[in-house]
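Everything below concerns the one structure shown next.
The values are calculated or read from the model by the stated rules, or taken from the named source; none is laboratory data. Remember, predicted model here, so these are calculated numbers, not experimental data. Note that each Cβ is placed from the backbone with ideal geometry, even for glycine, and that neighbours are counted across all protein chains shown.
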Amino acid sequence: MTWVTTDYETIHPLARFVEGMRLAQHHEVVTVEEATKWIAYLEEAMHTGRFFHSVTYFITAGRKPL
């Protein structure tokens with residue numbers, strides 16, 4: 001099953017991309033400049049209708065013989 005959305009507000013409670021990028025910046029995983037550019041790109045995509053997000057789920061089941 002794949003879930004697709006082009007609306008950031010739909011996934012914001014789960015994804016929190018901007019907050020995650022700021023956290024990465026805080027822990028020096030990315031620079032301030034990198035975080036700022038990435039967030040600006042994300043916001044531009046949201047405002048111009050170019051935001052796209054998808055998640056594919058895999059479900060497996062099994063049974064252990066007795």
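For the stretch 27-40, a residue qualifies if it is over 25 Å from D7 (Cβ atoms) and surrounded by 13 or more Cβ atoms within 10 Å (Cβ to Cβ), and the qualifying residues are V30, E34. If you check E43 against the conditions, is it loosely packed, with under 11 Cβ neighbours inside 10 Å and either on the phi > 0 side of the Ramachandran plot or not in a loop (DSSP other than H, G, I, E, B) (or both)? Against the criterion (loosely packed, with under 11 Cβ neighbours inside 10 Å and either on the phi > 0 side of the Ramachandran plot or not in a loop (DSSP other than H, G, I, E, B) (or both)), E43 does not qualify. Of all residue pairs spaced 6 or more apart or on separate chains, those with beta-carbon atoms under 8 Å, a first member in the stretch 29-53 that is at pLDDT 95 or above and a second member that is polar (S, T, N, Q) and in a helix (DSSP H, G or I) are T31/Q25; V32/Q25; E34/Q25; A35/Q25.
Pairing each residue of the stretch 3-27 that is free of Cβ contacts under 8 Å to residues at least 40 places away in the same chain with any residue that is in a helix (DSSP H, G or I) and small (G, A, S), provided the two are 6+ apart or on different chains, yields C-beta distances under 7 Å for M21/A35; R22/A35; A24/A35; Q25/A35.
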